[in-house]
Amino acid sequence: MKRTLIILLLFGLLLLVSSCDVEVEGDEAGECSDGADNDQDGLADCDDNSCAADAACTGDDDDDDDDATEDPCADIEPGPGSLSGTLVRSTPTLHEDGVGTLYLSVFDDDPLQNDEACEVAAEVVPSLDLSGDVNGFAYTVSGIPTSKEAYYVLALFDDNGDFDDSVGPSYGDLLNRPEGETFLTVIVSDEQPVELDLHLILFVGGAPGDDDDSGDDDDSGDDDDSAGK
């Protein structure tokens, strides 16, 4: 009798130890998406009820958020196309020394009209001298992905070091975009270099005094009153 009682106690202890070692699908991070049947019950990952509340099975993970904030331009790869030509200015530089940085960019849309336009290729030329008789520069932009759609070409010359690509051009910059017009467009459909000459003019947006429109309106009103008298 005593021996039987000891055997039963040992058997119960064995069951207790075994129950502590039971593997449950999802009790460790990543088990609900690792493709393995971790608890050996014939069901893996989201097919196992133990993973029913796991984010990998409910769709509450951060993948959707990542997709929503993913940069639409991130997948653009450099291509075999290129663009070259001569860049000249039609108006003088704002500063006498005329030395600055030239930014050349190729976009899939007009960057001043569409904030989501993607830059597909670019070149930056520092310390470029466009002063005096030095009016002309042979440029090249390489690495352009070939496409049957037109690209927009932006050339900006900043001779006072205040250019911020998150804001855009400012008064005094030279830009290849006449007032009220769009940038030049070009199609780079194959590996053959495309020739395109660029002409820079003074960008007058944000010129000093632009914020004084209200005062100008008041003056014009005074003139009208005096004329009426």
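Annotations for the structure displayed:
- Peptide ranges 51-57, 157-163 listed from the most packed, as the mean C-beta count within 10 angstrom indicates: 157-163, 51-57
- The H on the amide N of Val194, modeled in the peptide plane, is under 5 Å from the matching H of Ser82, Leu83, Ser84, each at least 5 residues off or on a different chain.
- Rounded, prolate or oblate (a/c below 1.5 giving rounded, otherwise prolate when a/b exceeds b/c) for the range 72-158 by Cα gyration tensor: prolate
- Computed from the Cβ-Cβ distance with R0 of 41 Å, the FRET efficiency linking Val24 to Glu149 stands at 0.15.
No value in this document is a laboratory result; all are computed from the given coordinates. The model shown is predicted, which means the values in this text are computed figures rather than measured ones. Cβ coordinates were reconstructed from backbone atoms using ideal geometry, including for glycine residues, and neighbour counts include every protein chain displayed.
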